[in-house]
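Okay, structure first, notes after.
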Amino acid sequence: MASESLSEVHQSVDPNQKKGWRKVFAFLGPAYLISVGYMDPGNWATDLAGGSQFGYKLIWVLLMSNLIALLLQSLSARLGIVKGLDLAQASKKAYPKWVNLPLYILAQIAIIACDLAEIIGMAIGLNLLFGLPIIWGISITVLDTILLLFLLKKGMRSMEAFILSMVFIVGLSFLFEMFIVKPDLGEVVKGLVPSELNSSALYIAIGIIGATVMPHNLYLHSSLVQTRKIERTSSGIRQAIKFNIMDTAIALNLAFFVNAAILILAAAAFYENGYHEVAEIQDAYKLLENIFGNAAPTLFAIALIASGQSSTITGTLAGQIIMEGHLNLRIEPWVRRLITRLLAIAPAFFTILHFGENALGELLILSQVVLSLQLAFAIIPLIYFTSNKNEMGEFVIKNWVKILAWISAGVIIILNVKLVIDEINIWLQESGKNDIWIYVAIIPIAIALGLLLLYIIVEPLLSRNKKIKDPLVPHGSAVTFADLNAIEYKNIGVAIDFSDNDKNVIRHAVLQGGKKAHYTLIHIVETAGAKYHKQNVLDMETINDEDNLKKYQQNLERLGYTATLAIGYGSSAQAITDIVNKSNIDFLVLGTHGHKGFKDLLFGSTVDSVRHNVKVPVLVVRK
């Protein structure tokens, strides 16, 4: 198992071979992948709701969120560059196991909430452009797994190019729409001045913060910066930090202008025309068509699809980072993608079937509020890590940066606490006689999360000088050894499949044990009859296989080796595992099956399954 974060693309871009502006451009890219999360369909929902209900008054919330995002993403990049750790890896090594599990669960909930927004946005975009029913649009979003696998294989630069093209489409679409709606510039400037928030405005504001300062992006950014191969010197690290701050500033300010454009568009098109309750993206599309003709809504739908697709990819990468970092568990990206997507599809289906498509807008905003509620659990560890001089050395953040970071965290925590208390009080008032469920379920969970957050804040203060253990994760440190004695294997298993590779497999096996070892020749009968009747099957293939296996045994005995036969039935991986475990085999030699990629999915991968299930050394002989 590789120890690097996103090992598939770790240090895959080398800026050291370039000079001048080309070197600067080689560092640019990670923040653009991050920026798409700042202008996904979840942002659209909160911006549309904010603009249509409150006009230009919430622009200052967008600006504040963007400034907080700039600060926190720069800290995330600094952690990845200086320590070579992503935020999840650092958390795993700094906090005990019982803390990391809930941190992982919370981060995973945030990714599902984000993915939910992408699903709904994509489905709505397809519905608006092609008339595809939304429930069908939600179903086919599972297929974007194929796109992710394709981009990962093409490398980091290809993925960044795809994301940038999507961002360009979104930005260009809204630039054209701004010319169409012609907003009141004086009111836009007034909207930059902070104003008081009532309960409904606070809910939207929290959603805007959650949609802008997205927690999974903090994990993702600390990993993506490691795709650049840098010189591990003081000047090399300092240069990488500088270029990545530049990358972050450009990308996130672009995201701010796109989000501001959506809110301003909603204010100019809906609020000023008396449409104050536009929370549904479908409504926005229809109203744009009624007010401004065909051009604006078409651009709107295209941008919606582009933003949803690009955000889906970054969400998948973040999910991989969080799982590997917190749980030390690495699975195939397509499996990771499929699990997250299915978990996100479930609430979308439930909402449509029970509340109708008109409730999707509210579900979108709720998903962004969930993101905001999880923010503090990612921000607090990030601030602690980057302000720890024992860990960061000369690259520890300045005191004024630390103060700004804690102010940002404080603002987010206070707003979230107020929102949780307000929402629980509303639920208690509306629940009537059913309020027992709120006391039994909701309030205890809120208290538990509050105590967890308090522990995360206090624990580093109690162990201020503690270093992050095991810098190479998920592995530990190298061990020392004085000598390496030869190992003598007594019973070597040899998997036979009657292919051209058999001779090579047997040759490697006897090289391991010589004539002192005993050899168990293993073959698995995989016919349909063998799967059901096991050893009782008497079909022609089973008889022929047994005869051929005896020929191998006779050949080995003629050469002076001792061999016995072991025939299994049904699934190759399970049958080989059973034979190895029952026959006291202490070394196993396998030949590769000669197929990979899609054929692995179709026929199964015997080698991988066997080596994970047996407890003896396995030698794989390539065909």
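Read the figures in this text as sums done on the coordinates, not as results from a lab. No experiment lies behind these values; they were computed from the predicted model shown. For neighbour counting, all protein chains shown are included, and Cβ atoms are generated from backbone atoms with ideal geometry for every residue, glycine included.
Please give the length that would be gained between ILE445 and SER609 if that part of the chain were fully extended, namely 0.36 nm times their separation in residues minus their C-alpha to C-alpha distance (nm, one decimal).
Residue separation times 0.36 nm, minus the Cα-Cα distance, leaves 55.1 nm.
Residues with beta-carbon under 13 Å from that of LYS402, excluding LYS402: net charge, scoring Lys, Arg +1 and Asp, Glu -1?
Net local charge, LYS402 excluded: +3.
Could you give the nm distance between label points at VAL193 and ILE487, where each point is 7 Å from its Cα heading toward the beta carbon?
Inter-label distance under the simple model: 7.6 nm.
Measure up LYS57/LYS433; LYS83/LYS418; LYS516/LYS582; LYS515/LYS615; LYS83/LYS402 against 29 Å on the Cα-Cα distance and list the ones that go over.
LYS57/LYS433; LYS83/LYS418
Starting from the Cα-Cα distance between GLN574 and PHE130, subtract it from 0.36 nm times their residue separation and give me the gain in nm to one decimal. Display every interim value, and only then the final one.
Details: separation 444, 0.36 × 444 = 159.84 nm, distance 4.72 nm.
Fully extending the segment from GLN574 to PHE130 adds 155.1 nm.
Just in region 185-264: which chymotrypsin sites (Phe, Trp or Tyr not before Pro) are loop by DSSP and have at most 14 other Cβ atoms within 10 Å? Don't jump to the answer; show the numbers that get you there.
Working: sites: TYR203, TYR219, PHE243, PHE256, PHE257; in loops: none.
Passing sites in region 185-264 do not exist.
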